[in-house]
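Enquirer: Before we start, here is the structure in question, set down as structure tokens.
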Amino acid sequence: MIYLDNAATSFPKPEPVYQALDRFARTSLANPGRSGHRMAVRSDRMLDDGRHALNQFFRGEDPDRWIFTLNCTDALNIAIKGSVNPGDHVITSDLEHNSISRPLRALEKAGVISLTRIASEQGYIDPDAVRKALTPKTKLVALTHTSNVLGTIQPIEAIAPIVREADALLLVDAAQSAGVVPIDLRATPIDLLAFPGHKSLYGPTGTGALYVGPRANLRPWREGGTGGDSASETQPVQLPFVLEGGTPNVLGVAGLVAGIAWVSEQKPDVLRNHEVSLLQRVVDWAEATEGWKVAGRWDAARHAGALSLIVPEGFHPLDLGLALDSAFEIAIRPGLHCAPYIHKALGTFPDGTVRISPGPFNTPEHIETLLHALTDITAGVL
Ligand SMILES: Cc1ncc(COP(=O)(O)O)c(C=O)c1O
């Protein structure tokens, strides 16, 4: 299989990740911090290592400000539902994944919040559009760092100070950027940073994290055992436990820690450049081939490893995806990519696009095989 669906989840994982998962599962997979015996202590230490690794990688304030979550959706829901109150105004964009759009739309429909969805231009959010949408009631600005449909990197460094000046909270969805686009929490005033562990940080599925900055005071919506303070009738108030009820995915964290170490060694910029150079070939091909179009504005300097192609008239992205899989053993993602608003803005709703998202282990030969396959399918060779 030629796997070009790394924006959904990365595959394969780097070898040290498989080794860490195997080692931890065989030697240390006890319930972290619950029982006090040496295996439980070892398991708890892995969570601690994970918080330190994240804090160092993203330059956060304190390892205890990192919450382990099930995935990015979980992290975003904890941030959104834990921060807004009735009457608040929230700003978001048309680039968002449903993991931001749906909870916000549900809160808007229930009359809890008012919502402004700013329009991107060819895949990019203008910081001035955020400034104009702010009101005295704006509590939260929830934006993606990199579009999962287009791969366009948003100017978060310019947006963050605008949001901070207005005294609102900034929630950044780094699902497509964490691990490939450098994020420095000490240089950029981001209050809440959410991402999965299973994409460009190379942990397994079932991992994710949320950074809770000092200005954010989140209500927990999941309460339960935390391994300590058992006599307390209610959830302990201190981070990270206040937001981490229940047994955490410590095995996943063991894989994530190995993934972060691998990314640090390789360097995010180097990983991004590799993916973008593979996509540059796809862009050149689409521009030279009748019927195909790149969705959004291609700017290699502001792009991560995902690209959407608008397919020739008479073809359906789903059929192309099926043909690539069944006849060529190539994995891509066709359709709407859980982000309907940007497809509406691009005019590709409801059929969507063909999304290609290479990873560090893809080669130029993989891309040539894909382009030949697309040529054959649309020429009716199949
Ligand atoms: C931009 C963006 N946000 C959020 C998510 C949700 O991530 P998860 O599947 O880890 O919940 C994704 C997943 O593809 C994404 O691309």
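Enquirer: For the chain, what does the relative contact order come out to in percent, with C-alpha contacts under 8 Å and a separation of six or more? Walk me through the intermediate numbers first.
Expert: Numbers: 772 pairs, mean separation 86.7, N = 382.
Worked out over the chain, it gives 23 percent.
Enquirer: So if the hydrodynamic radius of region 99-212 is defined as the Kirkwood radius over C-alpha pairs, what does Stokes-Einstein give as its diffusion coefficient at 10 °C and 1.306 mPa s, in µm² per second?
Expert: 107 µm²/s
Enquirer: Still on this structure, please answer the following. For region 1-124, what is Rg from Cα atoms divided by 2.2 N^0.38 Å, rounded to two decimals?
Expert: Numbers: Rg = 19.5 Å, N = 124, 2.2 N^0.38 = 13.7 Å.
That ratio works out to 1.42.
Enquirer: May I ask for the equivalent-ellipsoid semi-axes of region 268-378, computed as the square root of five times each C-alpha gyration tensor eigenvalue and listed largest first in whole Å?
Expert: Largest first, region 268-378 gives 20, 18, 13 Å.
Enquirer: Just how many pairs of Lys in region 1-155 have C-alpha atoms closer than 30 Å, counting pairs that are eight or more places apart or on different chains?
Expert: 7
Enquirer: Now for a separate question. Check which residues have an amide H placed less than 5 Å from Ala209's amide H, if you skip close sequence neighbours.
Expert: The list, which skips near neighbours in sequence, is Thr69, Phe195, Gly197.
Enquirer: Please report the net charge: other residues with Cβ closer than 9 Å to the Cβ of Gly213, K and R +1, D and E -1.
Expert: On the way: positive: Arg65, Arg215; negative: Glu61, Asp191.
That works out to 0.
Enquirer: Does anyone have the angle between helix 156-165 and the longest principal axis of the chain? Alpha-carbon axes, 0 to 90°, nearest 10?
Expert: That works out to roughly 40 degrees.
Enquirer: Whole-Hz ³J(HN,Hα) for each residue in region 86-95, computed from phi via Karplus 6.51 cos²θ - 1.76 cosθ + 1.60 with θ = phi - 60°, x for glycine and proline: what do you get?
Expert: x, x, 6, 9, 10, 10, 9, 9, 7, 8
Enquirer: If you don't mind, another one. How big is the Kirkwood radius of the chain, worked out from every pair of different alpha carbons and given in Å to one decimal?
Expert: On the way: mean 1/r = 0.0465 Å⁻¹.
Mean inverse Cα-Cα distance, inverted, gives 21.5 Å.
Enquirer: Still on this structure: Please list, or write none, the lysines whose alpha carbon is within less than 29 Å of the alpha carbon of Lys293, excluding same-chain residues fewer than 8 places away.
Expert: Qualifying lysines at Cα under 29 Å: Lys199, Lys344.
Enquirer: Treating the angle as unsigned and between 0 and 90°, give the value, to the nearest 10°, between the Cα long axis of helix 72-83 and the longest Cα principal axis of the chain.
Expert: 50 degrees
Enquirer: Okay, moving on. For region 129-165 and region 29-93, what is the separation of their C-alpha centers, rounded to whole Å?
Expert: 23 Å
Enquirer: Ranking request for peptides 94-104, 267-277, 68-78: highest mean number of other beta-carbon atoms within 10 Å first, then the rest in descending order.
Expert: The peptides rank, most packed first, as 68-78, 94-104, 267-277.
Enquirer: Additional query: Going by alpha carbons, how many degrees (0 to 90, nearest 10) lie between the helix axis of 250-266 and the longest principal axis of the chain?
Expert: Between the helix axis and the principal axis of the chain, the angle is about 60 degrees.
Enquirer: Could you run the Karplus curve 6.51 cos²θ - 1.76 cosθ + 1.60 with θ = phi - 60° over region 351-367 and give me ³J(HN,Hα) per residue in whole Hz, x for Gly and Pro?
Expert: 6, x, 10, 9, 9, 10, 9, x, x, x, 9, 7, 10, x, 5, 4, 5
Enquirer: Starting at the first residue of region 282-287, write each ³J(HN,Hα) from the Karplus equation 6.51 cos²θ - 1.76 cosθ + 1.60 with θ = phi - 60°, in whole Hz, x for Gly and Pro.
Expert: Calculated HN-Hα couplings, in order: 5, 4, 4, 5, 5, 5 Hz.
Enquirer: Could you please report the charge total around Arg186, scoring K, R as +1 and D, E as -1 over all other residues with beta-carbon less than 10 angstrom from its beta-carbon?
Expert: That works out to -1.
Each value in this text was obtained by applying a stated rule to the coordinates, not by laboratory testing. The structure displayed is predicted, hence computed values, not measured ones. In this analysis, Cβ positions are derived from the backbone assuming ideal geometry, glycine residues included, and neighbour counts consider all displayed protein chains.
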